[in-house]
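Visitor: The structure's right below; bear with me while I get my questions together.
The values are calculated or read from the model by the stated rules, or taken from the named source; none is laboratory data. Given the structure is predicted, the values throughout are model-derived calculations rather than measurements. All Cβ positions, even for glycine, are placed from backbone atoms using ideal geometry, and neighbour counts span all protein chains on display. Remember, those area values only see protein heavy atoms, side chains included, never the ligands or the DNA or RNA. Shrake-Rupley method; radii C 1.70, N 1.55, O 1.52, S 1.80 Å.
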Amino acid sequence: AIRAVADQGIHFAVTTETTVALAEAICERFQLEQVRFVNSGTEATMDALRVARAATGRDRVVKMEGSYHGHHDALLFSVVPEADTLGMRDNVSGESVAKGAAYTTQPTSKGIPRSMWEDTIIVPFNDAQAVEDVFAERGDQIAAVILEPVMMNIGIVVPQPGYLQALRDACDRNGSVLIFDEVKCGGTIAYGGATERFGVRPHLAAFAKAVGGGATTGAFGGEASIMEVVTKGAAQQGTFNGNPLSAAAGLAALTKVLTRDAYEGLGKMGTLLAEGCQRAIGETGIPAHTVDLGAKGCVSYRSEPLKDYRDFLDTLPDLYYASYPWMVNRGLFMTPGDEEQWTISVQHTEEDLQRYIDAFGEFCQELVK
């Protein structure tokens, strides 16, 4: 798809037919009324938040403890990537905002203006009551609640039954915007992402990675009544947004590769890998568990599944840091970091997965010698 479009021009700074076709495919797949293109997941969440603030006329945002939404200033609070460098990995407290668990805190990045520190409110994932408490005391200040519907970047944490719907209901009652960050789970956990898998539709959602088919792109969209503020003074632009090269790759990925039929195979492969790793864990008794979620999955070094970031702090990162070189030295590459996951590709075979399972099993056996 990229070669086919390259000789026709890779950049025009205007909408092309392919861009429109990709927009239609994304809207159909993820149940969006309107969509706008950007160039990364960071831009997608940044613009979604700006649109939410413009639509509501409010400034503050609620995010989940330990959750990463890109590297723009507003959401670099209580995130994992730089927390280790700054010695803030275990920081789960700050200035109380409402009764219960909500608080504000210092950012986990240098260079964030002090004036922004109070606008980002932190609550634990899977704690709908914490969000309700914020709304009870600060409801007229909250523009949006943003979260990964499946929390990643700390392994994988699935939403508890009723949690996502409770957030949607709370936002509806209080005139706030619920934003799903589906940069990592959109296109991987189900054909229609979190909305299809869990049956809850947010007001806005952000996408990247899989929707670009390997090229640089991102998108955000949702309800037309909110998205229309872009045409009424809420800035959202970018020279390379929806460029034909990225649009061609994304359209091919969503319509020719990641078809509905493909997800049956991806699910079977993911289960094969997760069950193989879990067998090795069970046979050796190491403190770990697996998560199996469509094309996504992981091993987390804690015996019990995670429900939030504080559970992630109970994992044993030294076991991960031992596993990474063990696997690399056997020709198996994973994204580095104990917070990461695997992603099954349509190109992976059962032989590939068995190779991983065998190497992981040997690693587990070595730990208990």
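Visitor: Determine which member of the set Thr239, Thr255 is open to solvent by 20 Å² or more (accessible area, probe 1.4 Å), modelled with pLDDT under 95, of a type outside the set (Gly, Ala, Ser) and not in a strand (DSSP E or B).
Guide: That would be Thr239, the only listed residue that is open to solvent by 20 Å² or more (accessible area, probe 1.4 Å), modelled with pLDDT under 95, of a type outside the set (Gly, Ala, Ser) and not in a strand (DSSP E or B).
Visitor: A further question follows. So, in region 83-142, how many residues would count as being closer than 23 Å to Gln165 by Cβ, within 21 Å of the chain's Cα centre (by Cα) and polar (S, T, N, Q)?
Guide: Residues that pass the stated criteria total 1.
Visitor: Taking the criterion of being under 24 Å from Glu339 (Cα atoms), acidic (Asp, Glu), out of contact with any helix residue (DSSP H, G or I) (no Cβ under 9 Å at 6 or more places or on another chain) and open to solvent by 10 Å² or more (accessible area, probe 1.4 Å), would at least one residue in region 89-109 satisfy it?
Guide: Yes.
Visitor: Quick check on region 307-321. Is at least one of its residues of a type in the set (Ser, Thr, Tyr), modelled with pLDDT under 95 and in a loop (DSSP other than H, G, I, E, B)?
Guide: no
Visitor: Are any of the residues in region 335-353 of a type in the set (Phe, Trp, Tyr) and within 27 Å of Pro159 (Cβ to Cβ)?
Guide: Yes; the residues of region 335-353 include at least one that is of a type in the set (Phe, Trp, Tyr) and within 27 Å of Pro159 (Cβ to Cβ).
Visitor: Inspect all residues belonging to region 164-176 and state whether any of them is in a helix (DSSP H, G or I), hydrophobic (A, V, I, L, M, F, W, C) and in contact (Cβ under 8 Å) with a residue 40 or more places away in the chain. Steps first, answer last, please.
Guide: The initial filter retains those residues of region 164-176 that are in a helix (DSSP H, G or I), namely 164-174.
Filter once more, so that each one left must be hydrophobic (A, V, I, L, M, F, W, C): 164, 166-167, 170-171.
Those still in the list that are in contact (Cβ under 8 Å) with a residue 40 or more places away in the chain too: 170.
Within region 164-176 (the criterion being in a helix (DSSP H, G or I), hydrophobic (A, V, I, L, M, F, W, C) and in contact (Cβ under 8 Å) with a residue 40 or more places away in the chain), the answer is yes, since at least one residue qualifies.
Visitor: For region 197-217, does any single residue satisfy the condition of being touching a residue at least 60 places away in the same chain (Cβ under 8 Å) and farther than 21 Å from Cys27 by Cα?
Guide: no
Visitor: Inside region 196-236, can you point out the residues that are farther than 23 Å from Lys256 by Cα and open to solvent by 30 Å² or more (accessible area, probe 1.4 Å)?
Guide: Phe198, Gly199, Arg201, Glu223, Ser225, Glu228, Thr231, Lys232, Gly233, Ala235
Visitor: Moving on. Which ones in region 1-46 are basic (Lys, Arg) and either modelled with pLDDT under 90 or not in a strand (DSSP E or B) (or both)?
Guide: Looking only at region 1-46, we keep the residues that are basic (Lys, Arg), and these are 3, 29, 36.
Correct list: Arg3, Arg29.
Visitor: If you don't mind, another one. So if I check each of Val123, Val97, which one is modelled with pLDDT under 95 and under 24 Å from Glu82 (Cβ atoms)?
Guide: On the way: Val123 fails: modelled with pLDDT under 95.
Only one candidate qualifies: Val97.
Visitor: Only one of these is more than 13 Å from Glu43 (Cβ to Cβ), assigned to a helix (DSSP H, G or I), open to solvent by less than 10 Å² (accessible area, probe 1.4 Å) and at pLDDT 95 or above: Gly267, Gly276. Name it.
Guide: After applying the criteria, what remains is Gly276.
Visitor: Do you know which residues across region 315-369 are at positive phi and open to solvent by 50 Å² or more (accessible area, probe 1.4 Å)?
Guide: Selection gives Gly331 alone.
Visitor: Can you find, within region 76-122, the residue that is nearest to Glu148 (Cα to Cα) among those that are in contact with a Phe, Trp or Tyr (Cβ under 8 Å, 6 or more places away or on another chain) and outside any loop (DSSP other than H, G, I, E, B)?
Guide: Among residues in region 76-122 that are in contact with a Phe, Trp or Tyr (Cβ under 8 Å, 6 or more places away or on another chain) and outside any loop (DSSP other than H, G, I, E, B), the one nearest to Glu148 (Cα to Cα) is Ile122.
Visitor: Specify which of the listed residues (Ile121, Ile189, Ile112, Ile146) is open to solvent by 10 Å² or more (accessible area, probe 1.4 Å), β-branched (Val, Ile, Thr) and more than 23 Å from Thr315 (Cα to Cα).
Guide: Matching residue, one of Ile121, Ile189, Ile112, Ile146: Ile112.
Visitor: Any residue in region 68-82 that is over 13 Å from Lys110 (Cα atoms) sitting within a Cβ distance under 6 Å of a residue that is outside any loop (DSSP other than H, G, I, E, B) and open to solvent by 10 Å² or more (accessible area, probe 1.4 Å)? List the pairs, counting only those 6 or more apart or interchain.
Guide: Listed pairs, sorted by first residue: Gly70/Gly41; Gly70/Thr42.
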